[in-house]
Amino acid sequence: IGGTTNEEKQWYQRRVRGSVSVGRIVARAAAEFLTPVTLELGGKCPVIVDETTNVDTAAKRIAWGKSVNAGQTCIAPDYVYCHKKLYSGFLERYRAHIKDMYGEDPEKSEDFARIVNERHFNRLKNLLDQGTIEIGGTTNEETRFISPTVISSPVAGSELMTDEIFGPILPVLQYEDLATVIKELRTKEKPLVTYLFSNNAKHIDLVKKKVSCGTLDVNDTLMHMMVPTLPFGGVGNSGMGAYHGKATFEQFSHAKSVLHRPIGMESVNSLRYPPYDAEWKQNLMFSLAYYKPSAPTSGFTKYAVSSTFALGAFAYAYAWPGSSGQ
């Protein structure tokens, strides 16, 4: 965070979109001045393709989501868990849809982007050796082109499976049991988005409840960004805070609490003032301190109802001076 004076650094709030390492730097600098931060950090966004989905549609939507800007978006599908029953069909349809979208040679397509710079091109090119190339794998260093690529049997613990890919390379793993996939996802950092392709209500509900992530997209990719009323943001390693639509206003505003009480009724209020030499007065203060009204009202009505119920509770529970008690 730049700036040399407190005035330059003390912002009302900071919003940052970037990598996890950049997010940590910003949060660390903001903490010095207790400045709130909103961080959108990305990470590895998993895709689950279960055995109940339409594999052709799933492959098409995943291929599109992965290929937008050559996979250089923070919400791009990063890797796929595909049910073994659909695995071969998924690869076949993914290959076909890439051809439909970008032609026989995606390098000649005006719709397929290039890698942003040489450093990232070399980083992505090195990932191609960390599994078996099933689709694509073509590169051109001069134009920084990397074709839409699918890799099977990715090496566990490799950069391909631990770092955010941020490119058109898609590792695909096979699975048989959804519970095993969920268990594995729960051991990883929380992603910005999880994608699930399923027509099974129980599977959808299970992932919804068990997988922590910024957003869950069911049967599509990227499209949650097109819904202005849907809050967008990460959790844990993928960020903090959410925005879009009303959520933006709430995220970047401070909700100020205001208590405005009437100046009258001081004869009743005087009960709260010291000295607290009488036990009944001590009991009254205890009741007022711990009473929580349940009826949501507003203004003077709320004040009157709260006071009446608190005094009523006190009168019921404690003996007043001069009374016989219980």
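Structural remarks
- Selection status of Arg61, surrounded by fewer than 23 Cβ atoms within 10 Å (Cβ to Cβ), at pLDDT below 95 and assigned to a helix (DSSP H, G or I): no
- Scanning region 136-148 for residues that are part of a loop (DSSP other than H, G, I, E, B) and crowded, with 19+ Cβ neighbours inside 10 Å yields Gly136, Arg144, Ser147, Pro148.
- Residues being at positive phi, open to solvent by less than 20 Å² (accessible area, probe 1.4 Å), within 25 Å of the chain's Cα centre (by Cα) and in contact (Cβ under 8 Å) with a residue 24 or more places away in the chain are represented in region 69-77 by at least one member.
- When region 29-47 is limited to residues that are farther than 26 Å from Thr194 by Cβ and small (Gly, Ala, Ser), the one that is most open to solvent (accessible area, probe 1.4 Å) turns out to be Ala31.
Listed here are the residues, each with its yes/no results for (1) more than 21 Å from Ile62 (Cα to Cα); (2) out of contact with any Leu (no Cβ under 9 Å at 6 or more places or on another chain).
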residue	(1), (2)
Ile133	no, yes
Phe166	no, no
Glu176	no, yes
Phe197	no, yes
Lys209	yes, yes
Asn219	no, no
Met223	no, yes
Phe232	no, no
Gly239	yes, no
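- Qualifying residue in region 26-47 (condition: within 20 Å of Thr132 (Cα to Cα), under 26 Å from the mean Cα position of the chain (by Cα), assigned to a strand (DSSP E or B) and in contact (Cβ under 8 Å) with a residue 24 or more places away in the chain): yes
- Ser212, sole failed condition from (1) open to solvent by 60 Å² or more (accessible area, probe 1.4 Å); (2) at pLDDT 85 or above; (3) not in a helix (DSSP H, G or I); (4) not acidic (Asp, Glu): (1)
- Filter pass, Ser253 being surrounded by 11 or more Cβ atoms within 10 Å (Cβ to Cβ) and at pLDDT 85 or above: no
- Only one entry of Ile133, Ile151 meets the criterion of being assigned to a strand (DSSP E or B), open to solvent by 50 Å² or more (accessible area, probe 1.4 Å) and farther than 30 Å from Met240 by Cα, and that entry is Ile133.
- Just one of (1) part of a loop (DSSP other than H, G, I, E, B); (2) crowded, with 23+ Cβ neighbours inside 10 Å; (3) of a type in the set (Lys, Arg) fails for Lys66. It is (1).
- Sole exception among (1) farther than 18 Å from Phe145 by Cβ; (2) outside any strand (DSSP E or B) for Val16, by number: (2)
- Matching residues in region 167-202 - criterion: being of a type in the set (Phe, Trp, Tyr) and surrounded by fewer than 22 Cβ atoms within 10 Å (Cβ to Cβ): Tyr175
- Residue, farthest from Asn219 (Cα to Cα), within region 69-98, restricted to residues that are in a helix (DSSP H, G or I) and among the aliphatic types (A, V, I, L, M): Ala70
- Taking region 154-175 as the range and being hydrophobic (A, V, I, L, M, F, W, C) and in a helix (DSSP H, G or I) as the test, the residues that pass are Leu160, Met161.
- Per the listing Lys183, Lys188, Lys202, the residue uniquely of a type in the set (D, E, K, R) and either under 15 Å from the mean Cα position of the chain (by Cα) or assigned to a strand (DSSP E or B) (or both) is Lys188.
The values are calculated or read from the model by the stated rules, or taken from the named source; none is laboratory data. Since we're looking at a predicted model, the values are computed, not measured. FYI the Cβ positions are ideal-geometry reconstructions off the backbone, even for glycines, and counts take in every protein chain you see. Note: accessible area is taken over every heavy atom of the protein model, side chains too, but ligands, DNA and RNA are not part of it. Shrake-Rupley method; radii C 1.70, N 1.55, O 1.52, S 1.80 Å.
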